[in-house]
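I have placed the structure first, in the form of structure tokens, so that the comments after it can refer back to it.
The values are calculated or read from the model by the stated rules, or taken from the named source; none is laboratory data. Everything quoted here is computed from the prediction, not taken from an experiment. All Cβ positions, even for glycine, are placed from backbone atoms using ideal geometry, and neighbour counts span all protein chains on display.
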Amino acid sequence: MAYPSLRWRSFLVSKAGHAPDECEDAIDGDPEAGRFAVADGASESYAAGEWARHLVMGFVHGGTDDWLTASRNAWQQEIGGHGLSWYAEDKLAHGAHATFLGLTLQPAKDHVAWEAIAVGDSCLFVIAKDNQPIAFPVTKSSGFTSSPALVTSRGAWPGWKVERGMLRPGDIILLTTDALAQCLLASSEDGSFAGPTLIGLEEEDDFALWVALARDQGRLKNDDVAMGVVEVAGH
């Protein structure tokens, strides 16, 4: 089923002083399938950025049948184990880790139903006209820690948090990794919610400029940043 009423765009910015290919955040979306995801690789684990990318690709493009196992297999196949140092072999044995949020949209007669699953502190924000933004799974700027729950490339299925809701034409969902999520929650708490400004950004350079300015002003931690924008168009 097609989703012609959904518009999607995404942005990635690395930590200041790091190259784009060193970014360990990942984001992907398919508006025709109504599936979107964001992930943040844990730097202390092996090939965390690759794991984050396989997670989002697996969820968005792998269908509903055990996409996590498929993501794990794809990560293992890419990373392999040949020619690695003993240190890398040890890190590989412990697997990779990442926070994750996956979003599924399903159209109904007069609205779009959404369902999100999350592990850790990658977040979404539902922004509806004249309403306070809804955040999931973290709801306060003080709710971020240095040790969030993580999806691992090895082991059992994680304990997902699940949230559901409805969208109307004109509503927007932002998907973000932790640094931007914390910044957005802090701005909401002090009455200067930054969501509308971010929604208005269309170009990668404009988003990168906003990130640099927010970092300089101390509003945004120097971390990799991912943001996706899902807009429900009017009829």
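Observations, loosely collected:
- Taking the criterion of being of a type in the set (Gly, Ala, Ser) and in contact with a helix residue (DSSP H, G or I) (Cβ under 9 Å, 6 or more places away or on another chain), the residues of segment 201-235 that qualify are 214, 226.
- Residue within segment 81-91 that is among the hydroxyl-bearing types (Ser, Thr, Tyr), part of a helix (DSSP H, G or I) and either in contact with a Lys or Arg (Cβ under 7 Å, 6 or more places away or on another chain) or modelled with pLDDT under 90 (or both) present: yes
- Scanning segment 1-45 for residues that are under 20 Å from residue 169 (Cβ atoms), of a type outside the set (Gly, Ala, Ser) and part of a loop (DSSP other than H, G, I, E, B) yields 1, 3, 4, 31, 32.
- Which listed residue, of 201, 220, 180, 175, is part of a strand (DSSP E or B) and either touching a residue at least 24 places away in the same chain (Cβ under 8 Å) or in contact with a Cys (Cβ under 7 Å, 6 or more places away or on another chain) (or both): 175
- Criterion (over 20 Å from residue 118 (Cβ atoms), polar (S, T, N, Q) and at pLDDT 95 or above) met by exactly one of 192, 187: 187
- Being touching a Pro at 6+ places or on another chain (Cβ under 6 Å) and at pLDDT 95 or above is a condition met by no residue of segment 129-142.
- When residues of segment 204-217 are limited to those that are farther than 24 Å from residue 43 by Cβ and not in a loop (DSSP other than H, G, I, E, B), the one farthest from the chain's Cα centre (by Cα): 213
- Criterion: surrounded by 17 or more Cβ atoms within 10 Å (Cβ to Cβ), modelled with pLDDT of 95 or more and either among the polar types (S, T, N, Q) or more than 17 Å from the chain's Cα centre (by Cα) (or both) - qualifying residue of 45, 14: 14
- Inside segment 20-41, residues that are at pLDDT below 95 and among the hydrophobic types (A, V, I, L, M, F, W, C) make up a count of 1.
- The number of residues in segment 143-158 being farther than 16 Å from residue 117 by Cβ, in a loop (DSSP other than H, G, I, E, B), modelled with pLDDT of 90 or more and of a type outside the set (Phe, Trp, Tyr) comes to 4.
- Answer from 125, 144, 100 - the residue that is closer than 20 Å to residue 61 by Cβ and touching a helix residue (DSSP H, G or I) at 6+ places or on another chain (Cβ under 9 Å): 100
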